[in-house]
1. Could you tell me whether Arg2 is among the charged types (D, E, K, R), surrounded by 10 or more Cβ atoms within 10 Å (Cβ to Cβ) and either at pLDDT below 85 or in contact with a Gly (Cβ under 8 Å, 6 or more places away or on another chain) (or both)?
2. What tally of residues in the stretch 34-72 results from selecting those that are part of a helix (DSSP H, G or I) and either surrounded by 12 or more Cβ atoms within 10 Å (Cβ to Cβ) or not polar (S, T, N, Q) (or both)?
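The values are calculated or read from the model by the stated rules, or taken from the named source; none is laboratory data. Treat the numbers as computed from the prediction; the structure is a model and nothing was measured. No Cβ is skipped: glycine too gets one built from the backbone with ideal geometry, and neighbour counts run over all protein chains shown.
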Amino acid sequence: MRAREGWDPEVYRFRGVVEGVFGGMKTRLGGGYLWERKPWTAMARALLELIAYGLRVLLSLLPPPPGYKAIY
């Protein structure tokens with residue numbers, strides 16, 4: 001029963017959101033593998049991918065500029 005002490009259904013319901021974000025990042029990174037050999041270049045690549053992902057999400061939430069149609 002000790003494992004249930006930390007169980008919080010209010011927090012657990014966000015699991016789908018978090019898994020969706022990480023699943024999308026994993027797909028964009030090519031199945032979860034980085035081609036870089038050195039750890040610092042892999043970290044830099046992962047950070048840049050994270051920034052790019054955030055920008056894509058932000059741009060998808062903004063309305064299209066005047067004169068343009070939404071493509072989604």
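1. Spelling it out, it is not the case that Arg2 is among the charged types (D, E, K, R), surrounded by 10 or more Cβ atoms within 10 Å (Cβ to Cβ) and either at pLDDT below 85 or in contact with a Gly (Cβ under 8 Å, 6 or more places away or on another chain) (or both).
2. 22
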